[in-house]
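Data first, discussion second: the structure below is written as structure tokens.
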Amino acid sequence: MRRLGLICGLLVALVASAVALVALKHQGRQMFIELEQQSHRFDELQFEWSRLQIELAWMGETMAIESRARESLGMHSPDNVGVLVAEHD
């Protein structure tokens, strides 16, 4: 009788550890999927950051050129000017 109880106990422990193993493998797979998604998102954000840095540098150059034109050449933006569009037949 004692032996049967020991075998049943070991069988329950075996099944419990198998269920825990399956659950942990599933959790590991889910975490890997999340890691891949976040890695992809990081790449997208890195690309966007690079694009914004280039745009910022370009805008800085544009502002520097405009500033030099104002100071050195005495240029200024035109006042409110209407635009006429002439159509040619």
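Bear in mind these aren't lab numbers, they're just calculated from the coordinates by the rules spelled out. Quick caveat, the model's predicted, so the values are computed rather than measured. Positions of Cβ are backbone-derived with ideal geometry, glycine not excepted, and every protein chain shown enters the neighbour counts.
Loop-located GluC sites (Glu not before Pro) in the stretch 10-89 (DSSP state not H, G, I, E or B) with no more than 11 neighbouring Cβ atoms inside 10 Å: 87.
Farthest toward the positive end of the dipole of the chain, out of 28, 54, 82, is the Cα of 28, where the dipole comes from beta carbon charges about the Cα centre. Here the Gaussian network model covers the chain, with springs between Cα atoms less than 10 Å apart; of 28, 60, 74, 74 fluctuates the most. Here the chain is treated with +1 on each Lys and Arg Cβ and -1 on each Asp and Glu Cβ, and its dipole about the Cα centre works out to around 1520 debye. Dividing the summed -39500 (n - 2.57) terms of all DSSP H runs of n ≥ 4 by the residue count of the chain sets its mean residue ellipticity at 222 nm at -31000 deg cm²/dmol. Projected over all directions and averaged, the alpha-carbon convex hull of the chain occupies 15.4 nm².
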